[in-house]
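One structure is given here, and the rest of the page talks about it.
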Amino acid sequence: MKNLALRLTLLGLFVVATGVAAYVSWMDSSRMERDALALSAFDTAAVAAQGEVLELRAAQQGYVAAGQGEQFWASKVDAAVTRLHDTVPRLRTESTSAEAQSALDNAASALQDYEQMDRRARDYAHSGQKLLASDLIFANGYELTGAAAAALEGARLAERQARETSAQAFERRGLAATGGAAVVGLLVIALLVPRGSAPAPVLQAPAPALPGVQGAGATSPRAAARVDEEWSAARMVPTTKPTPRPAAAPASPAVAPPAAPVVAPRAALDLAGVASLCSDLARVVDTQALPAILERAAAVLDAPGIVLWIADPDGRELSPVVTHGYPGQLVARLGIITRDAENATASAFRTSLLQTVKTDAVSNGAIAAPLVTPGGCVGVMAAEVRNHGEQDAGRLAAATIVAAQLATLVGPPSARAHARVEAAGA
């Protein structure tokens, strides 16, 4: 943007927005400080008034106490009543909450009733009728002073709640003003930044793969070092025939052409083996036959190893139940995989979708096929595959079929939980 007038206008808009935000924030901050001081003074006065009410009760009981001077305690009561008459109206004036004002009105009404009762109690005590005076003091007097103290406490709590709500509103308004100024500033910066032609792309050589440490709960135990698993939802990649290239001119005998990378040929999918495997899976009645079944599944998928992960009844963790192709000490270190783990096995369990891990320079690829039942996903069959099998549509389809057959042997989580409860009861 090269228009000077427009640039100055945008700059002025930013200055105005910043000034408004600063003024609103300063005003709200000052108001919050004043409210905090007022609330502290209100609390102090309300607590002092409650103390006066308790002193009023104790002084009135001196009317009928043996060996006490009636005039001395009457002067104490009069002084406390006078102070309360000054404090309660002042608190009502300083309060901002309607609930606090109503509570203070109740306190004033209780104080008036107490004065009328106190005059009668004095008359009884002065005329020697101590029993009647005691009835008034310890019944009506106790009730009225308790009502006044409770009303003062209610007013204090209501006022505190109202002040805190007001402070939160001021904080939100200050944040909104600051956020608005920030948005205006970002808009002005975006409009004022000069826009030039895009630079030409710079070609860079690919960086060599660096060895890393495989994360916990990875699908392939043999992948001992990997920077990024690069697992994603499985995609069917159709196999295409290579396009024939025209014959090149014979190379000079002095310069030899670079040798092409040797890629192992991908074995064709044994559909008859898949059908036979599924038929045998349908007839399995004992879990002891699963290792042999996994061995045949590994042959069909061209997988050096397979791990059958089964979820607990709550669906929070996956445990390796049956494995093939891995030594026992390696299987013992597999541990468990939590539902929210960041790997292909946990992702297949959460989404009930086939997941893959790409082959890299360090380790083979992998396929994570969920075991889905009518009650939900109950586990994952994780297979390490060779020769880029995770990109073969036939291998992915075969893994899905085998996983579907294995899911019928596991059963829904609710059924497994019920079986565990029945086994415990037996």
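Each of the peptides 49-58, 382-391 was scored by the mean count of other Cβ atoms within 10 Å over its residues; in descending order, highest first, they stand as 382-391, 49-58. Phi angles of the stretch 27-32 translate, via the Karplus equation with coefficients 6.51, -1.76, 1.60 and θ = phi - 60°, into HN-Hα couplings of 4, 5, 5, 5, 5, 5 Hz per residue; Gly and Pro are given as x. As a rough guide to protection, the peptides 13-24, 337-348 ranked by mean Cβ packing within 10 Å, highest first, stand as 337-348, 13-24. Computed from backbone phi, the HN-Hα couplings of the stretch 328-339 come to x, 5, 6, 5, 5, 8, 5, x, 10, 10, 6, 4 Hz, rounded to whole numbers (Karplus: 6.51 cos²θ - 1.76 cosθ + 1.60, θ = phi - 60°; Gly and Pro given as x). With R₀ fixed at 45 Å, the C-beta to C-beta distance from Leu8 to Leu37 puts the FRET efficiency at about 0.55.
Long-range amide H contacts for Gly305: which residues qualify at under 5 Å (H placed 1.01 Å from N, peptide plane, sequence gap of 5 or more or a different chain)? Placed amide hydrogens put Glu384 under 5 Å from Gly305. The peptide list 287-294, 30-37, 373-380, put in order of mean Cβ contacts within 10 Å with the highest first, becomes 373-380, 287-294, 30-37. For the stretch 319-401, rounded, prolate or oblate, judged on the Cα gyration tensor with a ≥ b ≥ c (square roots of eigenvalues), a/c < 1.5 rounded, else prolate if a/b > b/c? Taking the square roots of the gyration eigenvalues as a ≥ b ≥ c, the stretch 319-401 is oblate.
Every number in this text was worked out from the coordinates using simple rules, so none of it is lab data. Please read these numbers as outputs of a predicted model, since none were measured by experiment. FYI the Cβ positions are ideal-geometry reconstructions off the backbone, even for glycines, and counts take in every protein chain you see.
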